[in-house]
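Worksheet for the structure shown next.
The values are calculated or read from the model by the stated rules, or taken from the named source; none is laboratory data. Note that the structure is a prediction, hence the values are computed from the model and not measured. We place every Cβ from the backbone using ideal geometry, glycine too, and count neighbours over all the protein chains shown.
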Amino acid sequence: MTLLPLPFLFFFVFSLPFSVISQLNDRSTLLNLKRELGDPPALRLWNNSSFPCDWPMINCTAGNVTEINFWNQNFTAAVPTTICDLPNLVSLDLSYNFFPGEFPTVLYNCTKLQYLDLSENLFIGTLPDDINRLSNELEYLDLGANNFSGDIPKNIGRISKLKVLNLYTSEYNGTFPSEIGDLSELEELRLADNDKFSPAKIPTEFGKLKKLKYLWLKQMNLIGEIPAVLFENMTDLKHVDLSVNNLTGRIPEVLFGLKNLTNLYLYANDLTGEIPKSISSTNMVEFDLSANNLTGSIPVSIGNLTKLQILNLFYNKLTGEIPPGIEKLPELKELKLFSNKLTGEIPAEIGFNSKLERFEVSVNQLTGKLPENLCKGGKLQGVVVYTNNLTGEIPESLGDCGTLLTVQVQNNSFSGEFPSRIWTASSMYSVQASNNFFTGELPENIARNLQRIEIDNNKFSGEIPRKIGTWSSLAEFKAGNNRFSGEIPKELTSLSNLLSIFLDSNNLSGELPEEIISWKSLTTLSLSKNKLSGKIPKALGSLSRLLNLDLSENQFSGVIPPEIGNLKLTTLDLSSNRLTGEIPEQLDNLAYERSFLNNSNLCADKPVLNLPDCRKVLGRSKGLPGKILAMILVITVLLLTISLFVTFFVIRDYTRKRRRRDLETWKLTSFHRVEFAESDILSNLMEHNVIGSGGSGKVYKIFVDSSGESVAVKRIWDNKKLDKNVEKEFIAEVEILGTIRHANIVKLLCCISREDSKLLVYEYLEKRSLDQWLHGKKERGVGETDNLSWSQRLNIAVGAAQGLCYMHHDCTPAIIHRDVKSSNILLDSEFNAKIADFGLAKILIKQNQEPHTMSAVAGSFGYIAPEYAYTSKVDEKIDVYSFGVVLLELVTGREGNHGDEHTNLADWSWRHYQSGKPTEEAFDEDIKEASNTEEMTTVFKLGLMCTNTLPSHRPSMKEILYVLRQQGIEATKKTATEAYEAPLLVSLSGRRTSKRVEDEDLGFV
């Protein structure tokens, strides 16, 4: 190869344009950066064959790389150490990724940086005290939605050119500095959604932020009063959000004098006093003071806010009338004044001058008529005026409102005919008009989306229309206590979506159609106080979801179909009819002691209820005449009385009576057919039958028949009398739990109770609990062959997820477990998982004075979601967190409380993941095989997502179940009760602060 002369080489290099040399240097730096990121596919176009200014995610100025935008690229490596080797870098966006580790101090070397966004990542630890070493040119800093903890450092107030500071939604558990008030150029400050902050007042130093336009301090554990001095110099302020805190005192008047203010949110605090009378913030668009303790009247000056679109003042103690000026606001879309003490009439022109969308003034003391022009603007979605003193007729104009979704006018004094066009309004899905004086008949046709009709306690009349069979979407039909007559049309039975039917207290006659077999979803059927006759249809017994059946005070005759005994009814009332014969065996228990009153010809085979013995009733017409039988009985009694064994019988009689009295103090409420009595259980509550104990009480294994069949009995509140209200709530909760039917939830067979003690009787599962199989080798004395295989563990995870999914998504309202852990996941003989103790924590919380009760409520160390520990907020996401710990147990073999005294398995797993170590190193050595690695990795990462410290970032049980079902053959076995299909989670890269999964991403739009 011929070498160029050295002088010529120098000439060639120095003749290149400076921009080309700069791009060559930048390209070299960026290719090093790409290698540090692990050569991700998103950067495949970064190569030596082109210049960086042509690459995706790169912007240049005058041939120099000045901007990198890595937004939402799913990068998981650490922030590259070479990133600041780009000398002209001005803007760096690393948001919505999975960057781990502590705050990247390498960014101190980016001396020209003006824009830095690290939001929505996995950063942990405290912010460095010397954070002010970031670029002196920095104007935008976003560190939101990470896992930073501790205090926000004081030196953040020394980044003097900052215009935007975002530190929202993290894990800070210390303080925020008043030195933020030294950022004189600051225009936007977001510290919201950090409710682990130590309680603190709003620093008056923030009042020095004279250029501030956006102040977002929502849900920060703020206390004390809102300082008036805060807003005296903030003349540019547009957006103020201090909602969901613990602020007290009055609202400063100066706040309502800010001319540029457009959005004000002070809701969910404890503010008192009156709303300032003078409101001159004429640019106000959204105004929300709801959920406080404000008193006085609504200021008339609100009528001057001509740009106002949303006015929310609900859940206060406001009095007086709705100011007439509100009806003139031209931009008003949402007016919510419900749950106050407002009086007077609703202004007649509300809706006339604006395109009103939501009108909610329920639970007040309003009088007069409903305004005629509520839907004049053609946008109205809801009329919610229930529980007032409104009178007159419903305006016919509402029937022309094509956007109307719901009309809720119940609990008023409306009268006249209900407008026929409302029934057919094209978008209508709910009409609630109970407890009024409406007249007229039901329409032949209704809107195709109408799902809920509640018109009970009115004066509707006529027959139920034959075309009711076309009301295909109807799910709730409550029309009790009206004047309907005629027969129940057969066409009603074609509505397969019906959940509840209330036609009680009418004048209906005829027979109940046999075709009711199509009501497969029905949970409540109430037809009491009519004139229905004929036999009770056998088809009722096929309505497997039916929980409440009331046919009382009719003229039904014949025998009660045995099929009804197969239903798992919570309430049953067949009283005051003409029924005859033997009641179904399954109904002959104390749960139905008032279900058969005033049916003189009913009897029972083995009477528990106050019914005649069928054998004696049938025997009255056979055998010896009654007088002879009586004589024989008298003689027998006399002979027995004078017998030599009188003393023995007296003593025995006394003993039996005493035992019976003791038994009578116990009440058995059955939810399934059981073959045992209270005495079978009570007589075996002995210490040698105890198989476990915990914060909720002792658990006994009791044999209930000679074949060896066993039940598990949990005894709670032993020797403790409950408050009457708690007793009622206990009964209600247990009845709900007793109706649950799912293959992955332990059956609650019955409840045996008395004033000072409660026994919950469950099916017994011979393989005991998951934790004993994962962690109990020494206690069980088992060998290596007794390890649960990976396929078994995966199948257990799917089963438990199915049970939780059912409770969260199929029950209305959702039922939350509150104490999911491996010891509450039991295994049957085939190692199928069943979740135990569902709802028990909620029951125990009602009597929370005792230490053992609090332990039951607070969950178990290692499994308890962090937000439950310090706020007691309860929703389905606390179960998701706990289930995530169970998933980590299944993969790692470690216990849920694995770690030191301040950490647990979830923390340990996160540290392992963020350390960059191979995921397989965390796996249980007993089951780790190459063929399982991919599935175990997926489940491990799913466990990390479930244990995200931010509840809103955890997946739902529906999503979790979908992911688990994708893993392995065993895990895809499906029970007959499953009903879920959801798209795969967006990412399984496991993060403490993962990207939010939006509805449209999940296919729920």
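Would you check which residues across segment 55-81 are under 22 Å from Gly125 (Cα atoms), touching a helix residue (DSSP H, G or I) at 6+ places or on another chain (Cβ under 8 Å) and not hydrophobic (A, V, I, L, M, F, W, C) and list them?
Asn74, Pro80, Thr81
Collect the residues in segment 181-203 that are crowded, with 19+ Cβ neighbours inside 10 Å and within 22 Å of Thr111 (Cα to Cα), keeping them in residue-number order.
The answer is Leu183, Leu186.
Tell me which residues, restricted to segment 425-437, are surrounded by fewer than 16 Cβ atoms within 10 Å (Cβ to Cβ) and polar (S, T, N, Q). Can you show your working first?
Restricting attention to segment 425-437, the residues satisfying the condition of being surrounded by fewer than 16 Cβ atoms within 10 Å (Cβ to Cβ) are 426-427, 437.
Answer for segment 425-437, where residues must be surrounded by fewer than 16 Cβ atoms within 10 Å (Cβ to Cβ) and polar (S, T, N, Q): Ser426, Ser427.
Please specify each residue of segment 264-285 satisfying the condition of being crowded, with 18+ Cβ neighbours inside 10 Å and either part of a strand (DSSP E or B) or in the same structural domain as Leu318 (by TED's automatic domain parsing) (or both).
The answer is Leu264, Tyr265, Leu271.
Step by step: first the residues of segment 127-159, then only those that are polar (S, T, N, Q) and in contact with an Asp or Glu (Cβ under 7 Å, 6 or more places away or on another chain), then the one that is surrounded by the most Cβ atoms within 10 Å (Cβ to Cβ). Which residue is that? Step through it out loud before you land on a result.
Keep residues of segment 127-159 that are polar (S, T, N, Q), which gives 132, 135-136, 146-147, 149, 155.
Next cut, in contact with an Asp or Glu (Cβ under 7 Å, 6 or more places away or on another chain) only: 147, 149, 155.
Details: Asn147: 22, Ser149: 16, Asn155: 17.
In this case the residue turns out to be Asn147.
Take the residues in segment 508-564 that are among the hydrophobic types (A, V, I, L, M, F, W, C) and part of a strand (DSSP E or B); name whichever of them is surrounded by the fewest Cβ atoms within 10 Å (Cβ to Cβ).
Our first condition is that a residue be among the hydrophobic types (A, V, I, L, M, F, W, C); within segment 508-564, this holds for 508, 512, 516-517, 519, 522, 525, 527, 532, 536, 539-540, 543, 546-547, 549, 551, 556, 559-560, 564.
This time we only want the ones that are part of a strand (DSSP E or B), so: 508, 525, 532, 549, 556, 559.
Numbers: Leu508: 21, Leu525: 22, Leu532: 23, Leu549: 25, Phe556: 22, Val559: 15.
Within segment 508-564, the match that is surrounded by the fewest Cβ atoms within 10 Å (Cβ to Cβ) is Val559.
Within segment 199-211, is even one residue within 22 Å of Leu950 (Cβ to Cβ), in contact (Cβ under 8 Å) with a residue 24 or more places away in the chain and under 28 Å from the mean Cα position of the chain (by Cα)? Explain how you work it out, then say what you get.
Initially, segment 199-211 is screened for residues within 22 Å of Leu950 (Cβ to Cβ), giving 199-200.
Add one more test, that the residue is in contact (Cβ under 8 Å) with a residue 24 or more places away in the chain, and what stays is 199-200.
Applying the additional criterion that residues be under 28 Å from the mean Cα position of the chain (by Cα) yields 199.
Yes.
Residue-by-condition table, conditions (1) among the basic types (Lys, Arg); (2) out of contact with any Gly (no Cβ under 8 Å at 6 or more places or on another chain); (3) outside the structural domain of Asn610 (by TED's automatic domain parsing):
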{"position": "Asn506", "(1), (2), (3)": "no, no, no"}
{"position": "Pro513", "(1), (2), (3)": "no, yes, no"}
{"position": "Ile516", "(1), (2), (3)": "no, yes, no"}
{"position": "Trp519", "(1), (2), (3)": "no, yes, no"}
{"position": "Leu522", "(1), (2), (3)": "no, yes, no"}
{"position": "Lys535", "(1), (2), (3)": "yes, no, no"}
{"position": "Ser595", "(1), (2), (3)": "no, yes, no"}
{"position": "Asn598", "(1), (2), (3)": "no, yes, no"}
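Determine whether Lys213 is modelled with pLDDT of 95 or more, of a type outside the set (Val, Ile, Thr) and out of contact with any Lys or Arg (no Cβ under 9 Å at 6 or more places or on another chain).
Working: modelled with pLDDT of 95 or more: yes; of a type outside the set (Val, Ile, Thr): yes; out of contact with any Lys or Arg (no Cβ under 9 Å at 6 or more places or on another chain): no.
Taking the combined requirement at face value, the residue does not satisfy it.
Being of a type in the set (A, V, I, L, M), modelled with pLDDT under 80 and closer than 30 Å to Asn173 by Cα narrows it down to one residue among Leu1002, Leu942, Leu950, Leu984; which is it?
Numbers: Leu1002 fails: closer than 30 Å to Asn173 by Cα; Leu942 fails: modelled with pLDDT under 80; Leu984 fails: closer than 30 Å to Asn173 by Cα.
Unique residue meeting the criteria: Leu950.
If the Cβ limit is 9 Å and pairs must be 6+ apart or interchain, which residue in segment 938-955 that is of a type in the set (Phe, Trp, Tyr) pairs with which residue that is surrounded by fewer than 24 Cβ atoms within 10 Å (Cβ to Cβ)?
Phe940/Thr892; Phe940/Tyr913; Phe940/Thr919; Phe940/Ala922; Phe940/Phe923
Suppose we filter Ser521, Ser526 for residues that are modelled with pLDDT under 95 and within 37 Å of the chain's Cα centre (by Cα); which single one remains?
Numbers: Ser526 fails: modelled with pLDDT under 95.
Among Ser521, Ser526, only Ser521 is modelled with pLDDT under 95 and within 37 Å of the chain's Cα centre (by Cα).
Among the candidates Leu374, Leu332, which residue alone is assigned by TED's automatic domain parsing to the domain that holds Ile302, of a type in the set (A, V, I, L, M), more than 19 Å from Ser427 (Cα to Cα) and buried (at least 16 other Cβ atoms within 10 Å of the Cβ)?
Details: Leu374 fails: more than 19 Å from Ser427 (Cα to Cα).
Result of the check over Leu374, Leu332: Leu332.
Enumerate the pairs (first residue in segment 385-405 and farther than 11 Å from Thr367 by Cα; second residue anywhere and of a type in the set (Lys, Arg)) with beta-carbon separation below 6 Å, excluding pairs fewer than 6 apart on the same chain, so at least 6 apart or on different chains.
Partner pairs satisfying both residue conditions: Gly399/Arg421; Thr403/Lys379.
Among the numbered criteria (1) part of a strand (DSSP E or B); (2) of a type outside the set (Gly, Ala, Ser); (3) within 28 Å of Ala200 (Cβ to Cβ), which single criterion is violated by Leu311?
(3)
Could you check segment 400-424 and list, in sequence order, the residues that are closer than 13 Å to Ile446 by Cα and among the β-branched types (Val, Ile, Thr)?
Ile422, Thr424 - these are the residues of segment 400-424 that are closer than 13 Å to Ile446 by Cα and among the β-branched types (Val, Ile, Thr).
When segment 228-246 is examined, which residues are found to be crowded, with 18+ Cβ neighbours inside 10 Å and outside any helix (DSSP H, G or I)?
As a first pass, look at segment 228-246 and keep what is crowded, with 18+ Cβ neighbours inside 10 Å: 230-231, 234, 237-245.
Passing the criteria: Met234, Leu237, Lys238, His239, Val240, Asp241, Leu242, Ser243, Val244, Asn245.
Would you please name the residue that is nearest to the chain's Cα centre (by Cα), looking only at residues in segment 487-507 that are under 16 Å from Trp471 (Cα atoms) and part of a loop (DSSP other than H, G, I, E, B)?
The selected residue is Leu499.
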